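**Student:** Handing you this structure, nothing more for now.
Quick note: the coordinates plus some simple rules give every number you see, no bench work behind them. Keep in mind that what you see is a predicted model, and the values were worked out from it rather than measured. Every residue, glycine among them, receives a Cβ derived from its backbone with ideal geometry; neighbour counts consider all protein chains shown.
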Amino acid sequence: MRGGSKDRHRILLGSSNPGKLREYREILGGIDIELVAPGDLDPVPPEPDENAPTFAENASSKARAYAAASGLQTIADDSGLEVYALRGAPGVRSRRFFGDDAAAEERNAKLLALLDGVTDRSARFVCVTALASPDGHVELFEGEVHGEIAEAPRGDAGFGYDPVFVIAGDGRTMAELPSAEKHRISHRGLAGAKLRARLAGGA
């Protein structure tokens with residue numbers, strides 16, 4: 001499916017992660033765009049690799065690949081958790097650090113095990129969101145939030161490492177926040193707010 005004038009407000013969200021899809025639809029809700037997922041297209045574009053060493057490079061390459069394959073303006077992000085006691089790990093490999101097939105609960109349990117007895121549990125969430133055109137032009141929007149790793153998971157909302165990330169100055173984990181509040185302070189919400197302003201303002 002190739003882009004054209006009829007696709008002016010149709011934007012592809014280049015992700016197969018249902019949590020990201022839900023959050024971007026919430027963050028970008030109310031502006032004059034139609035946000036579609038790769039699975040909504042025919043043919044479905046292939047999922048790009050994420051092998052770059054930085055969030056910005058991964059986000060850019062994903063957005064460019066999806067935009068080139070679909071012919072649509074594309075949003076893609078790379079985000080992750082950096083724990084200072086682990087020298088920035090899991091970092092850009094946050095989803096795959098504990099194994100490609102590890103579920104979120106397993107990743108959180110393994111992270112907490114690595115930090116057993118560690119006093120300095122400082123961490124930050126980082127998100128870089130890329131907006132790519134089919135011609136290869138890319139704009140980047142960044143957000144980060146500081147905090148620390150909890151002693152045990154708390155909260156049922158969010159996804160990924162949200163239940164073990166305690167927000168600095170707040171005391172709650174990301175998974176304990178209502179969606180609207182999370183989007184105001186989270187790494188993805190902050191990056192998404194900049195993207196939203198860009199899309200709402202046009203070219």
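**Student:** Would you kindly derive the ³J(HN,Hα) couplings of region 132-147 from the backbone phi angles with the Karplus curve 6.51 cos²θ - 1.76 cosθ + 1.60 (θ = phi - 60°), listing them in order in whole Hz, with x for Gly and Pro?
**Tutor:** Karplus-based 3J(HN,Hα) across region 132-147 equals 10, 9, x, 7, x, 5, 10, 10, 10, 9, 10, x, 8, 9, 9, x Hz.
**Student:** Further, regarding this structure: Separation between the ARG93 and GLU34 pseudo-spin-labels, each 7 Å from Cα along Cα→Cβ, expressed in nm?
**Tutor:** For ARG93 paired with GLU34, the spin-label model returns 4.1 nm.
**Student:** Which percent, nearest 5, of DSSP beta bridges in the chain are antiparallel?
**Tutor:** Close to 80 percent.
**Student:** Hey, can you grab everything whose amide H is under 5 Å from the amide H of ARG172? Only 5+ residues off in sequence or another chain; H modelled, so Pro and N-termini drop out.
**Tutor:** ILE167
**Student:** Now for a different question. What angle, in degrees between 0 and 90 and rounded to the nearest 10, separates the Cα long axis of helix 55-70 from the longest principal axis of the Cα atoms of the chain?
**Tutor:** 30 degrees
**Student:** Which distance in nm do the two modelled labels at ARG198 and SER133 give, with both placed 7 Å along the Cα-to-Cβ direction?
**Tutor:** Each label point is offset 7 Å from its Cα along the Cβ direction, giving 1.2 nm.
**Student:** Contact order normalised by length for region 122-184, with contacts defined as Cα pairs under 8 Å and 6 or more residues apart; what percent is it?
**Tutor:** It rounds to 25 percent for region 122-184.
**Student:** Sketch the reach of a paramagnetic label on LEU41 as a point 7 Å from Cα along Cα-to-Cβ, and name the residues of region 136-174 whose backbone nitrogen lies under 16 Å away.
**Tutor:** Counting only backbone N, you get 136-138.
**Student:** Further, regarding this structure: Quick check for me: using +1 on Lys/Arg Cβ and -1 on Asp/Glu Cβ, what's the dipole size of region 1-153 about its Cα centre, in debye to the nearest 20?
**Tutor:** In debye, rounded to 20, region 1-153 gives about 220.
**Student:** Can you give me the distance in nm between label points at GLU106 and GLU151, each placed 7 Å from the Cα along the Cα-to-Cβ direction?
**Tutor:** 2.8 nm
**Student:** For helix 104-114, what angle does its Cα long axis make with the longest principal axis of the chain, in degrees from 0 to 90 and rounded to 10?
**Tutor:** Taking Cα atoms only, the helix is inclined about 40 degrees.
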